[in-house]
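Here's the structure, in structure tokens; my notes come after.
Any read-out appearing in this document is the output of simple, stated calculations on the displayed coordinates, not a laboratory observation. The model shown is predicted, which means the values in this text are computed figures rather than measured ones. Please note: Cβ atoms are built from the backbone with ideal geometry, for glycine as well, and neighbour counts cover all protein chains shown.
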Amino acid sequence: RRGQGPTLIEAKMMRMKGHAIHDAAAYVPEALLEYCRKRDPILRLERYLLGRRWLTEEENERLIADVERQLEVDRDFAVAAPMPEPESAAGGVYCEEGCHEVKPRYGVPQMSVTKSVLTTALRQVVVERK
């Protein structure tokens, strides 16, 4: 809360375009689109940072250019990549056994806890509380 550590920013935004290139999203009322445009979390953060002078116009332009360059590199990579095998199209569509399981990257440390270890720990807590 004092701003001395990591910060999590939740930025919710409505999809401003249709689901696909052919979908013009004509079913979304213009008033709703305008309402959401004004509340775009990225633009709001940009205005906030510029307004507080925590970000200069030059830094902002450089940041946007860097992102656009990276997007171009990523697009080129995707276009040049070989097409996946047709058999893989259904992969990851449905949750399979264990799909929500969080697997540790480096294995799980093995601990053996004995009654004497627990008793010692409990005694230590009692001593520290006195």
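General observations
- Straightening the chain between A121 and K38 buys 24.3 nm, computed as 0.36 nm per residue apart minus the Cα-Cα spacing.
- Between helix 57-80 and the chain: long-axis angle, C-alpha atoms, 0 to 90°, nearest 10: 90 degrees
- Low-density loop cleavage sites - GluC sites (Glu not before Pro) in the stretch 1-77, where at most 10 other Cβ are within 10 Å (DSSP): E10
- Among the trypsin sites (Lys or Arg not before Pro) in the stretch 1-94, those located in a DSSP loop and surrounded by at most 14 other Cβ atoms within 10 Å of their own Cβ are R1, R2, K12, R15, K17, R39, R52, R53.
- Whole-number D in µm²/s for the stretch 56-100 (Stokes-Einstein; Kirkwood sum over Cα pairs; 37 °C, 0.692 mPa s): 234 µm²/s
- Between the stretch 1-19 and the stretch 26-93, the alpha-carbon center distance in angstrom: 13 Å
- A simple spin-label model places pseudo-atoms 7 Å from Cα toward Cβ; at E30 and T56 they are separated by 4.1 nm.
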